[in-house]
């Protein structure tokens, strides 16, 4: 499990681990939510424009149906956008002997736990929390602060819509 705020390098780290699996001659498959087409309809793309081929799916249960028999490593990006079945799906994959690498936002723009991420963190053997750099003060940032109006929980966006903030700057902004 790789979690953290927006712009913290979650996808970049997942891609790095997936590339290492390929170097080790392991069979890799990657999935992402169908709804996330910010950079590309099919590929997982990091903010640094590193690209990895993936399969977009509508639900977590589709992942189980699409994983090939010879797959050894499964990557799942933008996990926060999946339904609550994702933790069960990842657990089933792991029980089948498949290494599962998941990346996702741990908190929403309100600073609350996001979607299936808490359940994934609970069952993961390893959890890495990565941090961005605060857009206001330069400290380590763990919050994804929305800078455009709107109260919808899921609002796809990039630097025009969100900025990473540290705890102090985030608290100053929401008060």
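The values are calculated or read from the model by the stated rules, or taken from the named source; none is laboratory data. Since the structure is predicted, the reported quantities are computational estimates derived from the model, not experimental observations. Note that each Cβ is placed from the backbone with ideal geometry, even for glycine, and that neighbours are counted across all protein chains shown.
Restricting attention to the stretch 143-169, the residues that are modelled with pLDDT of 80 or more, farther than 12 Å from residue 111 by Cα and surrounded by 12 or more Cβ atoms within 10 Å (Cβ to Cβ) total 6.
Those strands (runs of 3 or more DSSP E) of the stretch 62-134 in which at least 2 residues are surrounded by 19 or more Cβ atoms within 10 Å (Cβ to Cβ), on the phi < 0 side of the Ramachandran plot and under 12 Å from the mean Cα position of the chain (by Cα), considering only elements entirely within it, cover 73-76, 99-105. Taking the criterion of being more than 20 Å from residue 133 (Cα to Cα) and not in a helix (DSSP H, G or I), the residues of the stretch 1-25 that qualify are 1, 24, 25.
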